[in-house]
Amino acid sequence: KQSWPLVINTWSFTNATEKAWDILFNKRGSALDAVEQGCTVCEVEQCDGTVGYGGSPDENGETTLDAMIMDGPTHDTGAVANLRRVKSAISVARKVMEHTVHTLLVGDQATQFALSMGFKEENLTTSVSAALHEQWISKSCQPNYWKNVEPDPTTSCGPYRPFTPKEKNLKQSVRTEGKNYNTHNHDTIGMIAIDEHGNMAGGTSTNGAIHKIPGRVGDSPIPGSGAYVDQFVGGAAATGDGDIMMRFMPALIAVEGMRTGLTPIAAAEVALGRIAVYYPKYMGAVIVTNIDGEFGAACHGFDTFPYSVANTALGTVTVFSVKC
Ligand code: SD4
């Protein structure tokens, strides 16, 4: 039995879900519009400080944005990574999809494209992101090195310099052994929608990882990693430690799991389980729906993962949560 329309997104970003649901149900709009406008709500609200402007400053203190959108019926996809000085990342991604033959534009050139499409150039720094950057810079790691003391891998401090192999291992041990993982840097919005015609779309929007090396791109704008939809099977979207997750394309794996007959929940678990083989303590989550509108989620490396859903059976936006 089919349950259309439906929207599901990561975390309890219920205003985003609400917006998407209003488009799908009240306005009988398209899945693409629902995903774009739903994620836009989070860009405007700066959901958890990890979507939109004014969050996750890079080591230069700048906020840059990653986003993508994928259309089920055509498999058309648009994405931007490291988008600078433009707030509406997912809308720019949609323009890439609809007005170019490309899939992914990055950095300043993505900005130039956005400006050519009529988007406004704005400073994405706020007093909050400036303070985050200031705090980080002031906690320099350097004295530890001079005294030949191992840096605490869980301390985030700047400025960066290239890690030695030993330091890199120490850093990586956060993902393999799980020391004090920073739980508050992993709140990308990823959304999948199915409209009343059964058309599916998926998308993501994030400001990425805090204190990243400028130029770093996460999983969110990468098709198959941040999100993936197959009109004949289902869709999935991910959130979490993108530097690790993008090596495993969990959104694609979840959809392929459903193709082989797995339930959405089982497919989500398989996708995340692949990553845990290598990085037992990484943090991440996926939301999944099949094309019939059966949905579920899985998470790894933290306590509970809330996600938001609306469909006709629920009648309203409902927050579910899954134990990791
Ligand atoms: C990233 N997946 O860029 C994102 C992080 C995230 O809020 O979920 N952040 O790695």
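Just so you know, all these numbers are worked out from the coordinates, no wet-lab data involved. All figures in this text were calculated on a predicted structure; none of them were measured in a lab. Here the Cβ is made from the backbone with ideal geometry for all residues, glycine too, and neighbour counts use every protein chain on show.
Go over the candidates Pro280, Pro221 one by one and state the one that is buried (at least 24 other Cβ atoms within 10 Å of the Cβ) and either of a type outside the set (A, V, I, L, M, F, W, C) or outside any strand (DSSP E or B) (or both). Don't jump to the end; show me each part of the working.
Values: Pro280 fails: buried (at least 24 other Cβ atoms within 10 Å of the Cβ).
Answer to the selection: Pro221.
May I ask you to list the residues in the range 1-45 that are of a type in the set (D, E, K, R), surrounded by fewer than 24 Cβ atoms within 10 Å (Cβ to Cβ) and touching a strand residue (DSSP E or B) at 6+ places or on another chain (Cβ under 7 Å)? Answer for the range 1-45, where residues must be of a type in the set (D, E, K, R), surrounded by fewer than 24 Cβ atoms within 10 Å (Cβ to Cβ) and touching a strand residue (DSSP E or B) at 6+ places or on another chain (Cβ under 7 Å): just Glu43.
Against the test of being free of Cβ contacts under 8 Å to residues at least 60 places away in the same chain and within 16 Å of the ligand (Cβ to nearest atom), the options Asp241, Asp219 yield a single qualifying residue, Asp219. Of the set (1) buried (at least 24 other Cβ atoms within 10 Å of the Cβ); (2) under 24 Å from Leu132 (Cβ atoms), all apply to Val96 but (2). For Gly234, the conditions (1) within 15 Å of the chain's Cα centre (by Cα); (2) away from the ligand (no atom under 14 Å from the Cβ); (3) not polar (S, T, N, Q) all hold with the exception of (1). For the range 200-216, how many residues are within 11 Å of the ligand (Cβ to nearest atom) and either hydrophobic (A, V, I, L, M, F, W, C) or outside any loop (DSSP other than H, G, I, E, B) (or both)? Matching residues across the range 200-216 total 5. Checking Leu83, Leu32, Leu65, Leu6 one by one, the residue that is away from the ligand (no atom under 16 Å from the Cβ) and under 18 Å from the mean Cα position of the chain (by Cα) is Leu32 and no other.
Among residues of the range 222-231 being in contact (Cβ under 8 Å) with a residue 60 or more places away in the chain, closer than 22 Å to Trp11 by Cα and more than 13 Å from the ligand (Cβ to nearest atom), the one that is farthest from the chain's Cα centre (by Cα) is Val229. Among the residues making up the range 303-321, those that are under 18 Å from the mean Cα position of the chain (by Cα) and buried (at least 17 other Cβ atoms within 10 Å of the Cβ) are Phe305, Tyr307, Ser308, Val309.
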